[in-house]
2 protein chains.
Amino acid sequence: MGIKAPPDKVFAALGTLEGLAGWWTRDTTGHAQPLGRIRFRFCNAAGTELGAFDMEVLTQDPDQAVRWRVKEGPAEWVGTDIEFLLAQQDEFTIVNFAHRHWREEAAFMAHCSMKWATFLLSLREWVETGRGRPSPDDLKIDNWN
Amino acid sequence: MGIKAPPDKVFAALGTLEGLAGWWTRDTTGHAQPLGRIRFRFCNAAGTELGAFDMEVLTQDPDQAVRWRVKEGPAEWVGTDIEFLLAQQDEFTIVNFAHRHWREEAAFMAHCSMKWATFLLSLREWVETGRGRPSPDDLKIDNWN
């Protein structure tokens, strides 16, 4: 995903609670620093919890990389790693995203893959315009969420 | 991706030239039947060709599955397989999409992965509303396209 903004603005969206709450889920708490833990909760419009993830921050390299390891959450997610690498190209900051180490290719992985793409679009909107689509106002893609 | 439509409507969007031209690229020609070849051309707004793929139709199971094998196109795509599996759940037809057998994880694969997600959103719009975003009116995601 290419974002028309300098790397420090994209990094702020990935490396601070305020930034993460702007495009992924409004219910973001914890400590966004190396070895810190961040808790991401997802609720529906009525406030019922749909799921929550606790991540440990593995890497937080200003303007270059953010990596998390999932410590608590759905069984399929625990132990997986989430990675955002930043690179400047032309007028863009390119976000190279990966969610690594899924143990099997299942319907839930396919759902999450598509959902990540919609959140990368939300990240771009947040950085470029200041208005993202974080949960619970996220784009719904199927009968799960 | 879940689409609020019966499987036969989604299948029509995947298994006919008219359907494919409605959400992927307007420049779709060939024969959408088993062992047929379909040519997909992508141009920019000025009409300059950005790329083209020739696919052989491997599977065309009404309301269930479409599979293609890439026969000509960018080197990274040739020999890869593209798969759409359909399943009815609640009021949705779920499209389980995969682009298999990439030989290496490179920046171009990441670009295509994100681009596929935006085309799945276009597919949903096309089926649900009759208005997709096929190339050259596709959503741009970075400095490539």
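The values are calculated or read from the model by the stated rules, or taken from the named source; none is laboratory data. In this text the structure is predicted, and so the values were computed from the model without any measurement. Don't worry about glycine lacking a Cβ; one is built from the backbone with ideal geometry, like all the others, and counts go over all protein chains shown. Note: areas computed on protein heavy atoms with side chains; ligands, DNA, RNA excluded. Shrake-Rupley method; radii C 1.70, N 1.55, O 1.52, S 1.80 Å.
Only Cα pairs under 8 Å and 6+ residues apart enter the sum, and on that basis the relative contact order of the range B:2-129 stands at 25 percent.
Axis of helix B:107-129 versus longest Cα principal axis of chain B: the two differ by about 40°, to the nearest ten degrees. A 1.4 Å probe run over chain B, with the rest of the protein chains in place, finds 47 Å² accessible per residue. Sorted from shortest to longest, the distances between the A:GLN33 label points of this copy and the other copies are 6.8 nm, with each point 7 Å from Cα along the line through the beta carbon.
Overall, chain B carries a charge dipole of about 180 debye about its Cα centre when +1 sits on the Cβ of Lys and Arg and -1 on the Cβ of Asp and Glu, all other atoms neutral.
Pairs exceeding a 19 Å alpha-carbon distance, out of A:LYS9/A:LYS115; B:LYS9/B:LYS115; A:LYS115/B:LYS4; B:LYS115/B:LYS140; A:LYS71/B:LYS115; A:LYS4/B:LYS115: A:LYS9/A:LYS115; B:LYS9/B:LYS115; A:LYS71/B:LYS115. Run lengths n ≥ 4 of DSSP H only: what is the helix-derived mean residue ellipticity at 222 nm for chain B, with -39500 (n - 2.57) per run over all residues, to the nearest 500? Estimated from H runs of four or more residues: -8500 deg cm²/dmol.
Chain B has equivalent-ellipsoid semi-axes of 22, 17, 15 Å, by the square roots of 5 times the alpha carbon gyration tensor eigenvalues, sorted largest first.
Sorted from nearest, the other copies put their B:ASN44 label points 4.6 nm away, the label point being 7 Å from Cα in the direction of Cβ. Close amide-amide hydrogen proximity is noted between A:THR25 and A:SER135, each under 5 Å apart and 5 or more residues distant or on a separate chain (H modeled in the peptide plane; Pro and chain starts excluded). Please give the total accessible area that chains B and A bury against each other, computed with a 1.4 Å probe and expressed in Å² to the nearest 100. The summed interface area works out to 1600 Å². Measuring gaps between exposed loop sites in chain B (GluC sites (Glu not before Pro); DSSP loop; at most 15 other Cβ atoms within 10 Å), the longest gap, sites not included, is B:1-75. With θ taken as phi - 60° and the Karplus curve 6.51 cos²θ - 1.76 cosθ + 1.60 applied, the whole-hertz 3J(HN,Hα) list for the range A:46-57 is 7, x, 6, 5, 9, x, 8, 10, 9, 10, 9, 7 Hz, x standing for glycine and proline. Of all beta-carbon atoms in chain B, the one sitting closest to the axis that brings chain B onto chain A gives B:ALA117, 2, with the distance in whole angstrom. Dipole of the range A:7-48 computed with +1 at Lys/Arg Cβ and -1 at Asp/Glu Cβ about the Cα centre; of A:PRO7, A:TRP23, A:LEU35, farthest Cα towards the positive end is A:LEU35. In the range A:73-122, which residues become less accessible by 50 Å² or more once every protein chain is in place, relative to the chain on its own, using a 1.4 Å probe? Residues losing area: A:MET114, A:LEU121.
Here is how far apart the A:PRO6 label points are across copies: 5.7 nm, shortest first, using a point 7 Å from Cα toward Cβ. Remark: the range B:21-93 carries a charge dipole of roughly 340 debye about the Cα centre, counting +1 on each Lys and Arg Cβ and -1 on each Asp and Glu Cβ.
If a spin label sat at a point 7 angstrom from the Cα of A:ASN96 along the line to its beta carbon, the backbone N atoms of the range B:126-145 nearer than 16 Å would be those of B:142-144. Taking N as the residue count of the protein assembly as shown, its C-alpha radius of gyration divided by 2.2 N^0.38 Å amounts to 1.02. Between the C-alpha center of the range A:94-145 and that of the range A:1-50 there is a gap of 12 Å.
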